[in-house]
Each structure stands twice: as structure tokens, then as C-alpha cells.
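Report on the structure given below.
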Amino acid sequence: MNVNGRSEQFPAQPNELLVERLRDGLGLTGTKVGCDTGQCGSCVVRLDGKSVKSCLILTVSAAGSEVTTIEGVTTPGGELTGLQEALREEHGTQCGFCTPGMVMALGELVDSTAGGEAPTEPEIREWLTGNLCRCTGYHSVVRGVQRACEAARQEV
Amino acid sequence: MTAVTGETPTTGSGLLGQPLDIREDPQLLRGEATYVGDIDLPGTAHMAILGSPVAHAKILSIETKAAEQLPGVLKVATAADFTDVMPLPCIWIPGGVESHFPPHPYGLPGARPVLTGDAVRHVGDPIAVVVAETPRQAHAALAAISVEYEPLSVVTRADEALAEGAPQLHEAVPGNLNAYWTCGDKDRTDAAIAEAEVTVELDLVNQRTINSPIEPRGAVGDYNAVTGEYTLYASTQGPHNHRFLLSALVLGIPFNKLRVIAPTVGGSFGTKGYLYPDMPLVLLLSKALGRPVKWVDTRTGLMNSTVQGRDHRQHVTLAGTRDGRITAVRATSYANLGAYPSTIGPGVATALMGRSISGMYDIPAAFCEVYAAFTNTVSLGAQRGSGRAEAAFLMERLVDRYASEIGMDPAAVRRKNLVPKEKFPYDNGLGWTYDSGNYQLNFDKAIALSGYADMAARKAEARTRGKRLGVGLATYVAICGVGPSTRMSQEGMLGGTWESANIRVHPTGEVSVTVGSASTGQSHGTVFAQVAADELGIDPDTVQVFEGDTQKAPYGQGTYGSRSYSMAAPAVALTARKIKAKLVRAGAVFLGVPEDKVVYEGGKVHEEGNEENSKTFAELAMAMWYGWGLPPEIEPALDETTHFDPPDFNYPFGTHVAVVEVDELTGETEVVAYTAVDDAGNIGNPKIVHGQIEGSIVHGLGQALMEIAEYAEDGQLISSDLNHYALPRAADVPFFVLDKTVTPSPHNPLGAKGAGEIATVPPAAAVVNAVVDALSDLGVRHIDMPLTPEKVWRRLRGEAR
């Protein structure tokens, strides 16, 4: 598979989860495991552009795909994306454990608004229902997404 | 800028209260922070824990041979391997000598073994551990351990555990009663209730809930055979506290041979401040195997082993006059401590709750009694707003019940009974002395902001849409700033509860602040830098904050009970003032003027009336490093430490208003508006506090609407993963209207009060009050939480409670 623009080849166990390969096999620990049952969304990555929960996907089923993790979104210590910058401005993070999964899931929403209509607040909240956060109460995250979508819409 | 002269510096440079950007955020947003699960030491082996599948049984035998032979398995251990390890103690003993605990060999009152060998007492009770080359191999080997059980009967409710003939959990605790604890004046309260014009009563269940930080707990043990030192990396709220408990009380190793490091911690809300069996186990097994040993919990493991919260069954009574004056409140509570006393669980269930029941009201007679019981459930501990949320719930439900009984508006009843401003400091008769408050101002602001006066019209409009609109109020006082050490000793706390901070000014003028506290997501790195920079009049970007490593940081209990900004930040401020005072003394030498002519202002010292004769902070830092020309009474360098022990607690407070719509067809409850006006005294960084308040409210709404740790009769935890335990999601909550009042606390130099969890205290009461309001014309007087659609739907159909 292609991970963050790099070709990765390895023999995968048939029962290996994608999140295990990313974290333990490739050392990409930005992707988190919070629940094991696909409820919390901390493990969301992009698979061929779509956000998916990597604890619910077998590595073998992602063979030949493009996988993007949080490490593929920015360079270490480098500039933040528009979404990350908006979340920083709104302090849409506290402990930060759920944050990478949110950035990956919400990134798809922000990308899809480029040049089109910005999503409504209920649409943003609906999109966010796959990601649990216990710290922020989501408000600052929603405000951040609104800000990022507005910026993305105006850019095009 | 305010000038500071001589040795009595008083105020800062105006940085506090500013919403500075959170310096932790970029790293978190890039996924670059290291949590315990991300730590990968060379040669690490992996531990898995075998938890009991049954809630109560004698262990007849444990067979581990088959597991030992599986691929990758390095070690299988049971209680028999740890006979020289002390059990984990309980250090908050609210009932004093009258408390009954499972025995501890050091004579401490409470204990749970690191692994249980004789019996299991809750589902998940740790029986054995496996260490293997990979986590998968360790987990696979658990299945090969066979344990023979003799089943015992099970009890999961506190009141039932205290009944005649109930199953017994601990030989040393007859009748499962840990403690009978009281506060307040029983005779006076009983008399006031007997004489009252009006009395109302409620039976309440404050259901058990699971804190659910998104990061499950984890621990890595690393023993160094050369130096004999142990290092524990753990997702903990209090690395120093865990070091004290583990070294002195459990492992029996010297304090200075144990280092505890809290890396980035993925939320806690109370639960990660406790000592758990996995912590000594990874250290002992690392020593036994000569390799680092790592354990990371699963979500189901967390649900079955990390302390849970709330869990009271209560009978509560309020007495008052026909015209709305409350004359007495009385509560009898059955608190469920779970199977073993957790590190501080018994104190949470008694003092934190009981002494808080009268809330913001001036009540002449109050009394609370708590029966704390052991049952076959996970141990009880703190949870965001712990104790105070349970207290606010009972009081605020009672006030609504009373208002409805006398036909008065619930807001008017509350307004009439608020502690008047001139009565502070106010002794609430239950053990707390409130430091400061302006409750009327706070309450009026919330009522105005929420549009309370327009609710009748909104109710009528909602009915045209098939919705019943209800409005619910809740006020609260939350004891924070735990704590004054002497006062805590009176509450039965075995440990110093002060905080400390060290400031080191480097020769180049940059500053390192090191604190004993440890963040679990509260942006300490930002706000403590802000405090130091504010006091010193320097650029906050030149200040770095360090914490979370016991080898580097001065002692401190850590983050809990919303204490960091009113306990650790004052230590930072006072230390900065010591630095300033020293710079004024040294400034006299460097400027060649008498000390009383030296002014410290805006990060400089200068001669009074002559700003030309000055030295900047950076120049002073370098000069103090050289130490040239200093008189013998002034030591070179700038390195100061403060241990801050406040004279008393602080008491934030507030008023919340919930507006809900109940769907007549489905019973679904939607929170359509929520107004919160909180008073946390002087605030350091509003960005941080704002986020904590929003998160806290959602946590409280979760208890009201969906969260419950549900135990089956056989003691199985039904809600043992996030498919079966509902947490609020983004679509479950609206935006909130937030405001504040500011009443500084006199008990610390920043005028700060606790903030982190305070807004979790009132929402459950506000929402239940709102739903009961929406259903009141159907004769509904109370509904137990969580207010699931089915429960509400049944009440809409007229079914009894």
C-alpha cells in the first residue's frame, strides 16, 4: 500500500488491523486507539481520500490503496493546514487524544466544501458524530470547522 | 503596567485574563504528542491482565502451565508470585476510626491486592498477568489460563449490600459497611422538619457513570538493574502522588529509587489519579524479566477496572415556609464504593458530597448522613464534578419540588434563599466556609440571559409543533482548591495536599518554570507561562513550563478537583515574586541606589524617578549568573521555589438554565438552549476555561440524558464498551450561551477559584428539572436519570415511575 506518499511493502497477517500496521508496524503513532469497537473515531485515517476507522479495517483489505494518516497531513513541526489552523484558533482540542482522528475525518468535509456551499452547523455536527471527544464538548471543534470551511469556500 | 517597589510586589503586568493562543495545540493537531501507548522503549515486552469473568466467587485453583507454553510468552504470574508486595492502600478515610476496610499489613485502613488470590469480587478483578513478546501473544495466552471458581451470591447496590443476609465481600468488613458518616446538625434539622409549614421528599438514584477519557489507561515499567532505579511511565493525573504511594506503601523501595513520568495524558476527569494494580505490576515484572514491560488497556478493560463515579441512592427532605423560605434540608444516602476502597473513593462519596448539599442557599438547618457500602462492582472514585454534582442534583431537585408544592416560581424560590453577599465568609453548617460570592448578581445574570421571562410563550409555541418545552434551573457551589493540608487531615486525607513551583532564570534571560502539577489536557504549558510572565513583566514566549516527571519537578499532588490554577499557579506567582524581590535587592547594588529607591516594572529595574538608570530582565539574569560584585547576603543566580498551602478551600459557583423540548410521540429529549453563568474568580486564560466549561456542560448533559453503568443482577457490567455505554456526540448538544461573574477568592494571590470541572456540577439537575417541568401537567414529579426516550415516553403515556 501507499502510506503518506510512500510505498510500503510487507507481509500482512490475515487478521491484522490497519491501525496495528500503522502504529506498530510503521511507527505512525499519530493514529490513536480509543475504543476497539469503531465508536470513538480516534483511529480515523483517509483511505483513497475517504475517512475510515482504521480499527475496523483489515490491513489486507487496504492492499493497493492510498492511506493518509495524520503524519501525512503536515511535516513534523511544520505549517498547519487550514483546518488545523482554524482548530488552533478556536482551541478545538484539550487533551488531544481524539484530535488526529478528528482532523482526518473533518478534513474530508472541509475539502468537499472547496468552491461550493459551506456546510450548515447541523451538517457539521452530523459529520462529527463518528468522533467522540470528552474534553471540549465539541463546540470549539464545530466553530473551527465553520471557520475552515468558510476559508476553503472563499479560496476557490 | 503597575509599579512594584521594595519587597512587597503585588500585581502583574496585565497578561492574565488574556486569551493567549494555546501553545500545546499545534503539536496535538499534528498528532505529534507522545501518550503512554506511543512509548516504545528498546526490548519492550507486553503485559495483559486476566480479569475475573464473574462478579463474586472463591478461587479454588489457577492453572497457568498451558499459557506458559504458548509462543512468545515470557511470564505468567498470579497472586502467589507477589506475596511480598503490599496491597494498594486507601488514603482518604472519611469516617476515621469508625471506618471498616479490608486490612492492610502496614496498619493502613484500606487495601486491594495487586492480584486477587482468594476470591474475586467484581467482574474484571485482576487474577493473573501474562507478559509476552507482543500484545497479541499476551492477550491470546490469557485464554489458556484456567481458573476454578466456587460461585458466591452477588450484590451490586449499596442499600441491598447493607441489608440482612446480603452477600459478604470482606471478612474484616461486617455487613459490607465501610462507614456511617454524617455532617451538619441532626437534631436541629429534624426539629425544623417536624415544625415546618411545608415538607417535600424525594427518592433519588444518582446513577453510576463511567468517566470515559478517550485514552484508556496505560503503564510502562522500566527497571534499571545497574542503578536499582525503577521508572514508571503512566497515564496519570498525579505522578508525584503515585510515586509516594508506590514506593513507600506498596513496593517498599526508597522514594528516590522510583521515578514516575506522566507523558501526554489523554484526558482523565478524575479517574487517572488512582493507584491501580497494573502500576506496581509493570515495575515488578520489568525487574523480573530484565526488560521494559508495557501495558495498555482496552476500552472494555477500562470499563471493568478504572474507577467509576456517582452512584448514590438517596432519600432527601426539604422543609420550608408557605412563602418560599427554606428552613431545613436533610439527606440520607447509600453510597456504592464498589468491591474495594479506591485510593480516595470513600472521601468522594462522603465529604465532597455531604458537605455540599445546601449549595448557594442560606439554610438554617442541614444534615447529611452517608452509608458507604462495598458491593460486587468496580471501585468507586472521582468523576468530573465528583461529590459536588451529586449534591447539587439532590438540592436542585428538592427546590423545584418545593416550588411546585407551594405554587411558586422556581426562580423566585431560589432568589429568595441565596446566601446574601454580606454574609461572606459564610459557614454553611455542613463543614464548608464559603470564601466569597455574589450569588444574586450571578443568578440574575443567568435568568436575564436565558430569556426566562419568555418561557410561557415558548412553551405554547412548542406545543403547536408536537413538542413539550420545559425549563430547568440549577445553581451550585463547588468546593475547589484541594487543599489546605491541615483542613484535609481533618477530612481524613493521609497526605500533603500542597503544590509547589520552581522558577529558574537562565543567564540568557529565558525562564524555566517547573511545577509539581501535571496536565491531562488543561494547557498548563500555556497558562503557567502566562502567570510567570505576567508577574515578571516579560514575554511569555521566553518562558517554558515543565511538569510530569518526578525526577525533575518539585513535589505536588497533581491535577484533580479543579486545583491547578488555584493551587499550582499561585505557587508560580509567589515564586516569581521571590525572583522580583531578589532582583530589587540586587538592583540596588547594580544601580548604585538604596533598595527603597529601586522600582521593578515592565521586566526592568530602574531607579525611582530616573528610568535612565535601569537594567533589563535579561541584563539582570546575566549579572546574577556572573555573580560579580554581589554582597555576601545576596546569593548569585535566580532559582526559587515555593510550596503553596492555602489557608482554606475556594468556592466557585454559578447558575445554569436548560431549555428542553420533549417529543410527545417519541419521548426524545432535545436540549434546545443552555445558558451558563459561572464564577471561577479571576481567570488566567479564558480560552482554556471557556473550553473546559463547554466540555463540562456536555459531560453533565451526558449523565442526565444517556450515561449509565448498568449492572445485571449477576454483577455483569452490561455497558462494558462504547456500543453499550452512550457518550454525548456533537449532534446531541446545541451551542451554549456562556457568561461569567468574577468574585476573586481571598485564599490565593491570584484570586483564582477552581474552573476545570465546575460546569459539570449543575447540568444534570437543570435538565431533569426541565424535563419534569415539561411533563408536570401529567402529574410527573420526578424521573430517574438517564432520561432515555423510552423512559420519558412511558411517562408521557402515564405509566408510573
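The values are calculated or read from the model by the stated rules, or taken from the named source; none is laboratory data. Predicted model only: the values in this text are computed from it and were never measured. Backbone-built Cβ (ideal geometry, glycine too); neighbour counts: all protein chains shown. Protein only, heavy atoms only, side chains kept; ligands, DNA and RNA dropped before computing areas. Shrake-Rupley method; radii C 1.70, N 1.55, O 1.52, S 1.80 Å.
Some observations on this one:
- Within chain B, percent of DSSP bridges classed antiparallel, to nearest 5: 80
- Span-like helix check, chain A: qualifying full DSSP H segments, with Cα axial length of 18 Å or more and mean Kyte-Doolittle of 0.5 or more, are A:99-113.
- Reference-scaled alpha-carbon Rg (2.2 N^0.38 Å with N residues) for region B:75-230: 1.46
- Calculated FRET efficiency for the pair B:SER153/A:LEU58, C-beta based, R₀ 30 Å, to 0.05: 0.10
- More than 16 Å apart - percent of Cα-Cα pairs taken over region B:30-122: 71
- The protein assembly as shown - charge dipole about Cα centre, Lys and Arg +1 at Cβ, Asp and Glu -1, debye rounded to 20: 700
- Taking the Cα centre of chain A as origin and assigning +1 to Lys and Arg Cβ atoms and -1 to Asp and Glu Cβ atoms, the resulting dipole is close to 320 debye.
- Residues of region A:134-152 with amide N under 12 Å of a point placed 7 Å along Cα→Cβ from A:ALA114: A:152
- Computed over chain A: relative contact order in percent, which uses C-alpha pairs under 8 Å that are six or more apart: 26
- Region A:1-144 - convex hull of alpha carbons, volume per residue in Å³: 112
- Leaving ligands and nucleic acids aside, the A/B contact buries around 4300 square angstrom of accessible area in total at a 1.4 Å probe radius.
- Region B:655-681-region B:229-286 distance, computed between alpha-carbon centres (Å): 40
- Aspartates and glutamates with Cα under 16 Å of B:LYS740, excluding same-chain neighbours fewer than 8 positions away: B:ASP444, B:ASP678, B:ASP679, B:GLU694, B:GLU757
- Distance between region B:702-728 and region B:540-555 - C-alpha centres, whole angstrom: 38
- Of all accessible heavy-atom area on region B:271-320, the percent that carbon and sulfur account for (1.4 Å): 53
- Computed FRET value (nearest 0.05) for B:ALA143 with B:GLU799, which takes r as the C-beta separation and R₀ as 56 Å: 0.80
- B:LEU15 accessible area, assembled protein chains, probe 1.4 Å, Å²: 30
- Proximal lysines relative to B:LYS597, as straight alpha-carbon distance under 20 Å, when same-chain residues fewer than 8 apart are discounted: B:LYS578, B:LYS580, B:LYS582, B:LYS615
- Extension reserve of the B:GLU510-B:THR641 stretch, reckoned as 0.36 nm per residue once the Cα distance is removed: 45.5 nm
- Test item: Cα-centred dipole of chain B, Lys/Arg +1 and Asp/Glu -1 on Cβ, debye: 560
- Computed with a 1.4 Å probe over protein heavy atoms only, the accessible surface of chain B comes to 33 Å² per residue.
- Under the simplified labelling scheme, the B:TRP625-B:ALA163 pair shows an inter-label distance of 7.2 nm, with each label point 7 Å from Cα along Cα→Cβ.
- Using C-alpha pairs below 8 Å separated by at least 6 residues, the relative contact order for region B:153-287 is 22 percent.
- Between region B:394-460 and region A:51-78, the Cα center-to-center distance that results, in Å: 52
- Between B:PHE735 and B:LYS421, the contour length at 0.36 nm per residue exceeds the alpha carbon distance by 109.9 nm.
- Rel. contact order, % - alpha carbon contacts under 8 angstrom, at least six apart, region B:341-382: 68
- Solvent exposure, largest accessible area first (probe 1.4 Å, DNA, RNA and ligands not counted), of B:LEU778, A:LEU80: B:LEU778, A:LEU80
- Extended-chain gain in nm, criterion 0.36 nm per residue less alpha-carbon gap, B:THR332 and B:TYR180: 53.7 nm
- Kirkwood analysis of chain B, using all unique Cα-Cα pairs, places the hydrodynamic radius at 27.7 Å.
- Qualifying GluC sites (Glu not before Pro) in region B:100-187, where qualification requires a DSSP coil assignment and no more than 12 other C-beta atoms within 10 Å, comprise B:GLU164, B:GLU171.
- The lysines within cross-link reach of A:LYS53, meaning a Cα-to-Cα straight distance under 22 Å and a gap of 8 or more places when in the same chain, are A:LYS32.
- In terms of accessible area, using a 1.4 Å probe and ignoring ligands and nucleic acids, B:ARG458, B:ARG188, B:ARG30 rank largest first as B:ARG188, B:ARG458, B:ARG30.
- Calculated P(r) of region B:753-801 - Cα pairs past 14 Å, %: 53
- Test item: B:21-27 mean partner chain Cβ contacts at 10 Å: 6
- Across peptide B:208-214, the mean count of Cβ atoms from other chains lying within 10 Å of each residue's own Cβ comes to 4.
- Solvent-accessible ranking of B:TYR565, B:TYR340, largest area first, probe 1.4 Å: B:TYR565, B:TYR340
- From helices alone, the protein assembly as shown scores -7500 deg cm²/dmol at 222 nm; the rule is -39500 (n - 2.57) for each run of n ≥ 4 DSSP H residues, then divide by the residue total.
- Placing unit charges on each Cβ (+1 for Lys and Arg, -1 for Asp and Glu) gives region A:75-156 a dipole about its Cα centre, and among A:HIS91, A:VAL145, A:VAL110 the Cα reaching farthest toward its positive end belongs to A:HIS91.
- With all pairs of different C-alpha atoms in the average, the Kirkwood value for the hydrodynamic radius of region B:77-143 is 13.9 Å.
- For the protein assembly as shown, average projected area of the Cα convex hull in nm²: 41.3
- Theoretical FRET efficiency, 1/(1+(r/R0)^6), r = Cβ-Cβ of B:GLU201 and B:ALA456, R0 35 Å, to 0.05: 0.75
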